[in-house]
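*Asks:* This is the structure I have questions about; it appears just below.
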Amino acid sequence: LYGDILYFATEARAGWAHSDPHPFYFWGYFVGLNGLWVLVPALLMLDASRELARAQRGHDRPRHKAH
């Protein structure tokens, strides 16, 4: 995730000088395929944070003692 964000940021800062100007290459390869490396980890982190929050809520609930 960090590497791909850095890749996009450095290319944007350079004014997209190193990317092929053809729309198919830019949107299909540069944005589409490299975007998967941003989307997949972001979705996994979102899922992990939801699972951690659910587990924490379950842990924080007061427990009833059996008599």
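*Asks:* Considering only residues that are of a type in the set (A, V, I, L, M) and either open to solvent by less than 50 Å² (accessible area, probe 1.4 Å) or over 14 Å from the mean Cα position of the chain (by Cα) (or both), which ones fall in segment 32-41?
*Replies:* Step one: list which residues in segment 32-41 are of a type in the set (A, V, I, L, M), which gives 33, 36, 38-40.
Passing the criteria: only VAL38.
*Asks:* Name the residues in segment 8-21 that are on the phi < 0 side of the Ramachandran plot and surrounded by 11 or more Cβ atoms within 10 Å (Cβ to Cβ), would you?
*Replies:* Applying the first criterion (on the phi < 0 side of the Ramachandran plot) to segment 8-21 yields 8-14, 17-21.
Hits for segment 8-21 are PHE8, GLU11, SER19, ASP20.
*Asks:* List, please: which pairs have Cβ atoms under 6 Å, are six or more places apart or on different chains, and start with a residue in segment 25-42 that is under 11 Å from ASP4 (Cα atoms) and end with one that is open to solvent by less than 90 Å² (accessible area, probe 1.4 Å) and of a type in the set (A, V, I, L, M, F, W, C)?
*Replies:* Listed pairs, sorted by first residue: PRO41/LEU1.
The values are calculated or read from the model by the stated rules, or taken from the named source; none is laboratory data. Here the structure is a predicted model, which is why all the values come from computation and not from measurement. Glycine also receives a Cβ, built like all others from the backbone with ideal geometry; neighbour counts cover every protein chain displayed. For accessibility, only protein heavy atoms count, side chains too; no ligands or nucleic acids. Shrake-Rupley method; radii C 1.70, N 1.55, O 1.52, S 1.80 Å.
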